[in-house]
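The structure appears right after this line, and notes come after that.
The values are calculated or read from the model by the stated rules, or taken from the named source; none is laboratory data. All values reported here derive from a predicted model rather than from experimental measurement. All Cβ positions, glycine included, derive from the backbone under ideal geometry; neighbour counts span all protein chains shown.
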2 protein chains.
Amino acid sequence: METHGETQDAAARSIGDWAECSADPGYRAAVLDLLGALAYGELSAFERLAEDAKLAPDLADKAALARMACAEFQHYQRLHDRLAEVGADPQEAMRPFVEPLELFHRMTAPSDWLEGLVKAYVGDAIATDFYREVAVRLDDDTRELVLGAMSDTGHAQFAVDKVRQAIEADPRAGGRLALWGRRLMGEALSQAQRVVAERDALSNLLVGGQVQGFDLVEVGKMFNRITEAHTKRMAALGLAS
Amino acid sequence: METHGETQDAAARSIGDWAECSADPGYRAAVLDLLGALAYGELSAFERLAEDAKLAPDLADKAALARMACAEFQHYQRLHDRLAEVGADPQEAMRPFVEPLELFHRMTAPSDWLEGLVKAYVGDAIATDFYREVAVRLDDDTRELVLGAMSDTGHAQFAVDKVRQAIEADPRAGGRLALWGRRLMGEALSQAQRVVAERDALSNLLVGGQVQGFDLVEVGKMFNRITEAHTKRMAALGLAS
């Protein structure tokens, strides 16, 4: 796992636990939004990986994808249960994020097994980076939950291995997949911006309305860090970004 | 769980454990066939349930289907690991059953959420009945594994509740779904017969080549019992069979 300087700083300056922080209705609303988005993201990841399993070239690959889909579902279950535990309706919490995520998936439907792998790898990684960044601004209980839900499902290494093998076997695949990676990043940023624009509580959390030390300059830096990480990941796949 | 008279008799007349029985190459081949068919059936059930989850009318139903899909995958994993443990190649063992099962699924692609539920319910139940019947002819270790893999994933009650509600709300749905149930049973029997015709070791196991006390008359009776159970299940759904 990467070490994040930010994460360590934040642990040092804890803003308190859920019981303390959620007394602020704005904070509570922001966290319910965040957990709802994350929960639907996991359910949607389950569906996407199960769908990709159909494109698998052999039974071992198919089973590997199915296994990862189930790991995403376990994450979903934990987030769902947490929403219920704090008295929220999990369905309500997820609903605002269904359309942006479905739109993202419709705009980026993989046309083959390799595009599916690159999408799952890049998509998960962008989501993980985003949630790790946000996690440092959360109360201790929610941070632990979010980081747990982002834990590795083994997908990254699987995708890297398969894509590198495919590019070695057919170097022309690299150019096509590099374009594909850029398109994924563009669509992900576009949907993320839409969500931030529409969800007031969530964007207040991001731009320091509820939590100090996070302003628009910080948001810009965060997107830069995520884009840089994307570039490194594309290189790990053997692709220009 | 239902009590099966046969199961209890068989437990009384155990044919031995895997170590003893598998010394016979015909018996070993039959069991590898059986586990391969069952493993691919579970992987295929995972895919089918994940696919049906997309048709779910709301997020709670979607998550319920995804949860069942993951339970099927856990069964797959156990069968896969057992095949590997006894020195078989799980992919090889599953391969002969890919085409018959895919053909069954192509011939019976549900056109909506309710057809998907009825299919999963009826299909799982037929498979469970079949494997319970076969289980009584197996060595103790394999029997335990097969019965475990057939354990309830919670799908049956879920499907019954949803289908009954739908028929109450719109009684005309009942006629359409009853026809659908008959078609499913017909296609399942047709693919099962094809498998038995093509897999010598497996059919020897069924017609007493390797295991005493099971002949063609018995096979006929077995299919009758499975058909009767199907009739009862359709009635439980509120459908004429």
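Scan B:Leu145, B:Leu138, B:Leu117 and give me the residue that is under 19 Å from the mean Cα position of the chain (by Cα), under 14 Å from B:Ala39 (Cα atoms) and buried (at least 19 other Cβ atoms within 10 Å of the Cβ). Before you say what the answer is, go through the steps one by one.
Working: B:Leu138 fails: under 14 Å from B:Ala39 (Cα atoms); B:Leu117 fails: under 14 Å from B:Ala39 (Cα atoms).
One residue alone meets the criteria, B:Leu145.
Conditions tested, residue by residue: (1) touching a Pro at 6+ places or on another chain (Cβ under 8 Å); (2) modelled with pLDDT of 95 or more.
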residue	(1), (2)
A:Leu38	no, no
A:Ala53	no, no
A:Leu65	no, no
A:His75	no, no
A:His80	yes, yes
A:Val86	no, yes
A:Gln91	no, yes
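Within the range B:38-54, does at least one residue satisfy the condition of being of a type outside the set (Gly, Ala, Ser), more than 10 Å from chain A (Cβ to nearest Cβ) and either free of Cβ contacts under 8 Å to residues at least 24 places away in the same chain or surrounded by fewer than 22 Cβ atoms within 10 Å (Cβ to Cβ) (or both)?
no
Looking at B:Asp170, B:Asp161, B:Asp152, which one is at negative phi and modelled with pLDDT under 85?
Details: B:Asp170 fails: modelled with pLDDT under 85; B:Asp161 fails: modelled with pLDDT under 85.
Answer to the selection: B:Asp152.
Take A:Arg82 and tell me if it is in contact (Cβ under 8 Å) with a residue 12 or more places away in the chain, part of a helix (DSSP H, G or I) and either more than 13 Å from chain B (Cβ to nearest Cβ) or of a type in the set (A, V, I, L, M) (or both).
Values: in contact (Cβ under 8 Å) with a residue 12 or more places away in the chain: yes; part of a helix (DSSP H, G or I): yes; either more than 13 Å from chain B (Cβ to nearest Cβ) or of a type in the set (A, V, I, L, M) (or both): yes.
Criteria met by A:Arg82.
Identify all residues within the range B:181-199 that are farther than 11 Å from B:Leu101 by Cα and modelled with pLDDT of 85 or more; write none if there are none.
Correct list: B:Gly181, B:Arg182, B:Arg183, B:Leu184, B:Met185, B:Gly186.
Against the condition away from every other protein chain (no Cβ under 14 Å) and either modelled with pLDDT of 95 or more or within 30 Å of A:Gln74 (Cα to Cα) (or both), how does B:Asp112 come out, does it pass?
Working: away from every other protein chain (no Cβ under 14 Å): yes; either modelled with pLDDT of 95 or more or within 30 Å of A:Gln74 (Cα to Cα) (or both): yes.
Yes.
Could you identify the single residue in A:His75, A:His155 that is closer than 30 Å to B:Leu83 by Cβ, away from chain B (no Cβ under 12 Å) and within 17 Å of the chain's Cα centre (by Cα)? Before the answer, list the steps.
Numbers: A:His75 fails: away from chain B (no Cβ under 12 Å).
The unique qualifying residue is A:His155.
For the range A:121-148, enumerate the residues that are at pLDDT 85 or above and not in a helix (DSSP H, G or I).
A:Leu138, A:Asp139
Only one of (1) touching a helix residue (DSSP H, G or I) at 6+ places or on another chain (Cβ under 8 Å); (2) more than 11 Å from every other protein chain (Cβ to nearest Cβ); (3) in a helix (DSSP H, G or I) fails for B:Pro57. Which number is that?
(3)
Answer yes if at least one residue in the range A:92-102 is under 22 Å from A:Ala188 (Cα atoms), of a type outside the set (S, T, N, Q), more than 14 Å from every other protein chain (Cβ to nearest Cβ) and surrounded by 15 or more Cβ atoms within 10 Å (Cβ to Cβ), and no otherwise.
Step one: of the range A:92-102, the residues under 22 Å from A:Ala188 (Cα atoms) are A:93-102.
If we keep only those that are of a type outside the set (S, T, N, Q) too, we end up with A:93-102.
Next, from what is left, pick out any that are more than 14 Å from every other protein chain (Cβ to nearest Cβ): A:100.
Next cut, surrounded by 15 or more Cβ atoms within 10 Å (Cβ to Cβ) only: A:100.
Yes: the range A:92-102 contains one or more residues that are under 22 Å from A:Ala188 (Cα atoms), of a type outside the set (S, T, N, Q), more than 14 Å from every other protein chain (Cβ to nearest Cβ) and surrounded by 15 or more Cβ atoms within 10 Å (Cβ to Cβ).
Hey, among the residues in the range A:204-241 that are at pLDDT below 75 and among the polar types (S, T, N, Q), which one's surrounded by the fewest Cβ atoms within 10 Å (Cβ to Cβ)?
That would be A:Gln212.
Counting only residues that are farther than 30 Å from A:Gly41 by Cβ and crowded, with 19+ Cβ neighbours inside 10 Å, how many does the range B:56-87 have? Outline the logic, then answer.
Here is the first cut: in the range B:56-87, the ones farther than 30 Å from A:Gly41 by Cβ are B:79, B:81-87.
From what is left, the residues that are crowded, with 19+ Cβ neighbours inside 10 Å are B:79, B:82-83.
Looking only at that region, the number is 3.
B:Leu179 passes all but one of (1) hydrophobic (A, V, I, L, M, F, W, C); (2) more than 24 Å from B:Tyr40 (Cα to Cα); (3) surrounded by 14 or more Cβ atoms within 10 Å (Cβ to Cβ); which number fails?
(3)
Within the range B:5-28, identify whether any single residue is within 22 Å of the chain's Cα centre (by Cα), aliphatic (A, V, I, L, M), outside any loop (DSSP other than H, G, I, E, B) and at pLDDT below 90, and answer yes or no.
Yes, the conditions are met somewhere in the range B:5-28.
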